[in-house]
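Here the structure is laid out as C-alpha cells; the discussion comes afterwards.
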Amino acid sequence: MLFTPDGKQITHVPHTADFKEVVRLLGDRRAAQVRDAVNGIIDEMAPDKETKRHTFRSSHVGERLKPWPYPLAGIYDVALKMAGKKPTGQQVYDRSLRIFELFVWECIMARRERWVIVDQNANQADPPQASTDVVYVEQGPDETSTRHP
C-alpha cells in the first residue's frame, strides 16, 4: 500500500494513460512477468542499516539494471516502439527508465506493506504524485491489508 507523507492512500499510477498503453504493448503475460521481476527486486533489497526499513528511489534501481535483464528488457522494447522514428539511445533509455518507475509505483501500491513516498525535491511545484522519481520508504506491515503483490 502506498501513501503520501500526510497519510493519504495513493490508488492510481501517475501518467495512467501512458502506463495503460505500455501494458497493452507488452501484453498481459509480459506485463505480469515485469511485475514479478519488479516485486522480486524489491523483495531482494537489503533494508537500510540504520532504520531497518527498505528505502529506495526507483530511478537509482533502474540505472543499476543496465543492460535490462529479461523480462525487464520488454520495457526497453516498448520504449523503443513508443519513441517514434530515429530516437537516440539515450531517449529510449530515458523512456524505459520512466516506464520502469511506473511499474515500481504500481507494484508498491499492491504490496501488503505500508510505504510512503517522500519527495526529495520538496521545493518543486509538483506534488510527489506528479513525479515517479520519488523515494519509497517502507513503514512496515499493514495488518489490515488483504492485498497481495
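The values are calculated or read from the model by the stated rules, or taken from the named source; none is laboratory data. This is a predicted model, so every value here is computed, not measured. Every residue, glycine among them, receives a Cβ derived from its backbone with ideal geometry; neighbour counts consider all protein chains shown.
Remarks
- Segment 74-102: number of residues that are in a loop (DSSP other than H, G, I, E, B) and aliphatic (A, V, I, L, M): 1
- Pro47 in contact with a His (Cβ under 7 Å, 6 or more places away or on another chain) and surrounded by fewer than 17 Cβ atoms within 10 Å (Cβ to Cβ): yes
- Candidate set from segment 43-73 (those that are of a type in the set (Ser, Thr, Tyr), within 15 Å of the chain's Cα centre (by Cα) and outside any strand (DSSP E or B)); member that is modelled with the lowest pLDDT: Ser59
- Across segment 36-46, the number of residues qualifying as more than 12 Å from Ile75 (Cα to Cα), among the aliphatic types (A, V, I, L, M) and in contact (Cβ under 8 Å) with a residue 40 or more places away in the chain comes to 1.
- Of all residues in segment 15-35 being crowded, with 17+ Cβ neighbours inside 10 Å and under 14 Å from the mean Cα position of the chain (by Cα), the one that is farthest from Ala73 (Cα to Cα): His15
- Neighbours by Cβ (under 7 Å, 6+ apart or cross-chain): first from segment 1-20, over 14 Å from Trp105 (Cβ atoms); second surrounded by 10 or more Cβ atoms within 10 Å (Cβ to Cβ): Pro5/Val116; Pro5/Val118
- Among residues that are crowded, with 21+ Cβ neighbours inside 10 Å, assigned to a strand (DSSP E or B) and touching a helix residue (DSSP H, G or I) at 6+ places or on another chain (Cβ under 8 Å), Trp105 is not included.
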